[in-house]
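For reference, the structure is listed below as structure tokens.
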Amino acid sequence: MISGTVTIATEICKGCELCIVSCPQDSLGLSPSINHKGFRFAQLVQDNCTGCTNCALVCPDSAITVYRETKSSKRASNPLVASQAA
């Protein structure tokens with residue numbers, strides 16, 4: 001299973017909500033705070049991001065960076081399976 005997270009450059013984000021709409025996991029939402037430009041900015045509101053990159057792809061200001069990591073599976077950690085693959 002894949003998990004991910006995002007960082008959002010809050011001072012660049014204009015709160016257009018394109019990332020929020022594009023997120024299939026509903027992981028993003030608008031912050032109640034505003035940045036120095038006077039915009040509410042996007043933020044991670046749930047810890048269920050899969051790292052799909054939809055949000056970063058639609059962001060017109062490239063304010064989103066996606067980090068993805070693969071969770072180790074039981075099959076990969078099984079020494080018998082590892083020795084058979086070698």
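The values are calculated or read from the model by the stated rules, or taken from the named source; none is laboratory data. Everything numeric here is computed off the predicted structure, so don't read it as measured data. Glycine gets a Cβ as well: all are built from the backbone with ideal geometry, and neighbour counts include every protein chain shown.
Listed here are the residues, each with its yes/no results for (1) of a type in the set (Lys, Arg); (2) at pLDDT 95 or above; (3) not in a helix (DSSP H, G or I).
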position	(1), (2), (3)
Pro24	no, yes, yes
Leu30	no, yes, yes
Phe41	no, yes, yes
Asp47	no, no, yes
Ala56	no, yes, no
Ser62	no, yes, yes
Thr65	no, yes, yes
Arg68	yes, no, yes
Val81	no, no, no
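I need every pair where a residue in the stretch 33-47 that is closer than 13 Å to Ile12 by Cβ has its Cβ under 7 Å from the Cβ of a residue that is in a loop (DSSP other than H, G, I, E, B) and among the basic types (Lys, Arg), sequence separation at least 6 or different chains.
Phe39/Lys14
How many of the residues in the stretch 1-22 are under 19 Å from Asp61 (Cα atoms), assigned to a strand (DSSP E or B) and of a type in the set (A, V, I, L, M, F, W, C)?
2
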